[in-house]
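The values are calculated or read from the model by the stated rules, or taken from the named source; none is laboratory data. Because the structure is predicted, anything quoted here is derived from the model rather than measured. Counting neighbours? That spans all protein chains shown, and the Cβs are built from the backbone with ideal geometry, glycine included. Areas reflect the complete protein model, heavy atoms only, side chains present, ligands, DNA and RNA absent. Shrake-Rupley method; radii C 1.70, N 1.55, O 1.52, S 1.80 Å.
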Amino acid sequence: MDIDKDLVAASATPLVLAILSEGESYGYAIIKRVSELSGGELQWTDGMLYPLLHRLERNGYVESFWAESESGRQRKYYRLTRAGAEQLDRQRRQWQIVDKTMKGILSLAVDPAGGGRLVCPDMRGVTG
């Protein structure tokens with residue numbers, strides 16, 4: 001499924017903050033984790049992730065450091081800061097409200113006979 005760019009952009013910050021709340025990570029591993037969490041539906045690129053990481057770092061939500069990887073190469077890692085954990089908590093509460101709202105409206109059914117009106121599933125056939 002091709003997910004709308006606006007929806008991907010809106011969810012990117014809380015996704016990255018949540019992934020980093022699991023522990024420090026590096027770019028490629030974050031991209032793989034997003035794909036894993038979405039069942040392969042979200043396929044992020046470097047060009048999407050790194051500007052976001054840089055913005056999160058400028059805002060003080062993450063910090064970066066260089067360390068040696070298992071292969072002996074230097075790799076830039078990112079970790080959540082206290083401000084990032086607080087931001088994640090705010091975003092989590094906001095997304096819970098959005099999720100609850102979407103579940104409520106999407107549980108409504110479209111009545112094709114009624115000119116496309118939305119009706120509650122338990123009120124099908126009710127005229128009014």
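Some notes on this structure:
- Within the range 1-58, the residues that satisfy the criterion of being open to solvent by 90 Å² or more (accessible area, probe 1.4 Å), modelled with pLDDT of 95 or more, in a helix (DSSP H, G or I) and under 20 Å from Arg92 (Cβ atoms) are Glu36, Leu37, Arg55.
- For the range 59-96, the candidate set comprises residues that are at pLDDT below 95 and assigned to a loop (DSSP other than H, G, I, E, B); within that set, the residue that is nearest to Tyr26 (Cα to Cα) is Ser69.
- Taken as a whole, the condition of being over 14 Å from Leu80 (Cα atoms) and not aromatic (Phe, Trp, Tyr) applies to Ala12.
- Qualifying residue in the range 26-43 (condition: more than 21 Å from Ala83 (Cβ to Cβ), basic (Lys, Arg) and without any contact (Cβ under 8 Å) to a residue 12 or more places away in the chain): yes
- Some residue of the range 94-110 being in contact with an Asp or Glu (Cβ under 8 Å, 6 or more places away or on another chain) and either open to solvent by less than 50 Å² (accessible area, probe 1.4 Å) or basic (Lys, Arg) (or both): no
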